[in-house]
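Here's the structure we're looking at; comments come further down.
The values are calculated or read from the model by the stated rules, or taken from the named source; none is laboratory data. Being a predicted model, the structure only gives us computed values, none of them experimental. Reconstructed Cβ throughout: ideal geometry from the backbone, glycine too, with neighbour counts over all protein chains shown.
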Ligand code: CTP
Ligand code: MG
């Protein structure tokens, strides 16, 4: 899951500048995505996810970590791109529900990246998804994700990278 988990904190660290929606509004008069989704965050986030995935692939071969899932360039790309696509789809709906940028939206804020990554895997590499994410693996992911999410956001708030601790 590392290639899916890393893009969000990296986007928070490197984000800023031109927003993905270019500042445009949707037909409801509210922002399409908001200032929290930027091209720079998207690019650096995706790059970081793919890079950590390549490190995983390299180290699995190097140290013979056969018990780790066999990642490929395709799977790490889908995990990374999917994580931030899921994040943007969430922000789209967050704006439609009238929630401001950075507002707390329980469940959606925590699982957007998992949903996005799994949807892309389901479309482009379903064999890998079903072979890798078995029921016990899924349960671990569902427990681990909100815990890591909360921990990272508190850390991000403490080092003043994030404006809110969620
Ligand atoms: N970020 C970014 N580009 C992205 C995703 C995130 O620049 N594609 C940066 C933004 O600075 C953002 C921060 O990372 O404020 C934290 O991300 P997130 O919590 O997902 O955004 P929010 O500001 O909470 O916005 P939203 O309410 O739309 O989720
Ligand atoms: Mg947020």
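The residues on offer are 82, 86, and the sole one that is crowded, with 20+ Cβ neighbours inside 10 Å, within 16 Å of ligand 2 (Cβ to nearest atom) and assigned to a helix (DSSP H, G or I) is 86. Taking segment 15-42 as the range and being in a loop (DSSP other than H, G, I, E, B) and either in contact (Cβ under 8 Å) with a residue 40 or more places away in the chain or under 16 Å from the mean Cα position of the chain (by Cα) (or both) as the test, the residues that pass are 15, 20, 26, 28, 30, 32, 33, 34, 35, 36, 37.
Inspection of segment 64-72 identifies no residue that is in contact with a helix residue (DSSP H, G or I) (Cβ under 8 Å, 6 or more places away or on another chain), assigned to a helix (DSSP H, G or I) and closer than 26 Å to residue 127 by Cα.
With the structure loaded, tell me whether residue 45 is within 15 Å of ligand 1 (Cβ to nearest atom), assigned to a helix (DSSP H, G or I) and either within 16 Å of the chain's Cα centre (by Cα) or at pLDDT 95 or above (or both) or whether it fails that test. Answer is yes for this residue. Of 106, 136, 165, all but one fail to be within 13 Å of ligand 1 (Cβ to nearest atom) and over 18 Å from residue 9 (Cβ atoms); the exception is 106. For segment 93-128, the tally of residues that are touching a residue at least 12 places away in the same chain (Cβ under 8 Å), surrounded by fewer than 16 Cβ atoms within 10 Å (Cβ to Cβ) and in a helix (DSSP H, G or I) stands at 3.
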